[in-house]
Amino acid sequence: MGIQDIIEGKKQWRAHLARVKALPPDYQIVYKEMQKYFFKIGPVELTDGNLLAEIVDFFEEGVAAGKGVLELIGNDVAAFCDDLIKDSRTYADIYQESLSGNPAATED
């Protein structure tokens, strides 16, 4: 990864954060809780940057439709997050595989 990639990544992240800040306060609170949850759980796809951007897209559509954030995701933020990543590998999975000697852990 070169310096230009790092700079571009920071620009994209700042633009992403600006989109989050443009959301209504209740959406921002839920987004931040989801972000913390994903950073803790560690879905491998999170590093691609698409998951969080897609959540913001989904939230922006909800705002445009005049819906509250809990109307979109329900009352259990963690359950919603788990459902989004149910078929995804997590870094915790990779760690567990490495402890058990599973060769699939070295593929990533």
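The values are calculated or read from the model by the stated rules, or taken from the named source; none is laboratory data. Note that this is a predicted model, so its numbers are computed, not measured. Just the protein is used for accessible areas: all its heavy atoms, side chains included, with ligands, DNA and RNA removed. Shrake-Rupley method; radii C 1.70, N 1.55, O 1.52, S 1.80 Å.
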Counting only residues that are open to solvent by less than 90 Å² (accessible area, probe 1.4 Å) and outside any helix (DSSP H, G or I), which one in region 1-57 is modelled with the lowest pLDDT?
Gly49
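With open to solvent by less than 90 Å² (accessible area, probe 1.4 Å), over 12 Å from the mean Cα position of the chain (by Cα) and modelled with pLDDT under 80 as the only criterion, which of Gly74, Gly101, Gly66, Gly62 stands out?
One residue alone meets the criteria, Gly101.
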